[in-house]
Amino acid sequence: MGVAENLRDIRARIADACLKSNRDPDEVKIIAVTKYVSTERALEAVEAGIRDIGENRDDGFLQKWDSLGGRASFHFIGSLQSRKVKNVIGKADYIHSLDRLSLAKEIDKRAENEVKCLVQVNVSGEESKHGLQPEEVVPFILEVKQYRKIQIVGLMTMAPLTDDEAALRDCFKKLRELRDMIKAMGLPHAPCTELSMGMSNDYEVAVEEGATMVRIGTALVGKNDMEVQEDEH
């Protein structure tokens, strides 16, 4: 199917998930993860109604931004090396992978304006995943206060790649509870309203558990034939 058809199906599934959890579908932002597809395919997504593009490498990010900047908001969703910050700063509307003070310092140093960041949390505890441990998040956010150009707008996680709905739900619920706790602290630099969680294989469960941003690649834009690994981080 084309992107427009895929988007209609995804929106319908999100609407169903919101109905189950008494939520408004307008609360859920669909981020098209375009790391495995061409700029032309990303453009097709924008023309179908997508307003948010996600990339996880600086080269792919810059390629898409050069072609589509101004037509969509851009999200950097992958692990960001401090030395690569200069490539995306001023272009990324959101950085989803803040996970260490050295990165916060570099973003603050290079940014001209406030940068919306999400703290990446390794809720599942898998060694293969980036992110802070849940117990590290609040102390980290309190330390980030010193960097005036960083606004922590939410939390991000990747759930285990599994069909076990209970395990997925537990992961997403824990992130939501952590977000709620931080939001309740009323920190000016960390309003923490967003939850970036859910990908092609689990976004419906994520929405039921409170996701405000879902990162969808394969189910929305597909992937190049040469790519076989599922990864929307």
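Quick note: the coordinates plus some simple rules give every number you see, no bench work behind them. These numbers come from a predicted model, not from an experiment. When we count neighbours, we look across all protein chains shown, and the Cβ atoms used for this are built from the backbone with ideal geometry, even at glycine.
Just a few scattered comments:
- Taking 18 Å as the straight-line reach from the Cα of LYS86, the aspartates and glutamates in range (excluding those fewer than 8 positions away in the same chain) are GLU55, ASP58, ASP59, ASP66, ASP99, GLU106, ASP108, GLU112, GLU114.
- Bridgeable lysines around LYS223 (alpha carbons under 20 Å apart, same-chain partners fewer than 8 residues away excluded): LYS35, LYS64.
- Karplus (6.51, -1.76, 1.60) ³J(HN,Hα), θ = phi - 60°, over segment 23-32, in Hz, Gly and Pro reported as x: 10, 9, x, 5, 6, 10, 8, 8, 9, 7
- Relative intensity of segment 78-128 on a log10 scale, I(q)/I(0) at q = 0.27, 0.28, 0.29 Å⁻¹, equals -1.09, -1.17, -1.24, per a Debye sum over C-alpha point scatterers of equal strength in the absence of solvent.
- Here the Debye sum runs over all C-alpha atoms of segment 46-101 as equal scatterers in vacuum, and log10 of I(q)/I(0) at q = 0.14, 0.25, 0.31 Å⁻¹ comes out as -0.33, -0.97, -1.41.
- Karplus (6.51, -1.76, 1.60) ³J(HN,Hα), θ = phi - 60°, over segment 137-153, in Hz, Gly and Pro reported as x: 5, 5, x, 4, 4, 5, 6, 5, 3, 5, 9, 5, 8, 10, 10, 8, 8
- Table column - 3J(HN,Hα) (Hz), segment 100-109, Karplus curve with 6.51, -1.76, 1.60, x for Gly and Pro: 7, 5, 4, 6, 4, 4, 5, 4, 4, 5
- Relative compactness, the chain, computed as alpha-carbon Rg over 2.2 N^0.38 Å: 0.95
- Equivalent-ellipsoid semi-axes of segment 106-233, from the Cα gyration tensor, Å, largest first: 26, 18, 13
- Ranked list, fewest to most other Cβ atoms within 10 Å of each Cβ, for THR39, THR193, THR34: THR193, THR39, THR34
- What you get for the chain, charging only the Cβ of Lys and Arg (+1) and of Asp and Glu (-1), is a dipole of about 1000 debye around the Cα centre.
- Sequence-distant lysines (8 or more away, or on other chains) whose Cα lies within less than 17 Å of LYS183: LYS116, LYS145, LYS173, LYS174
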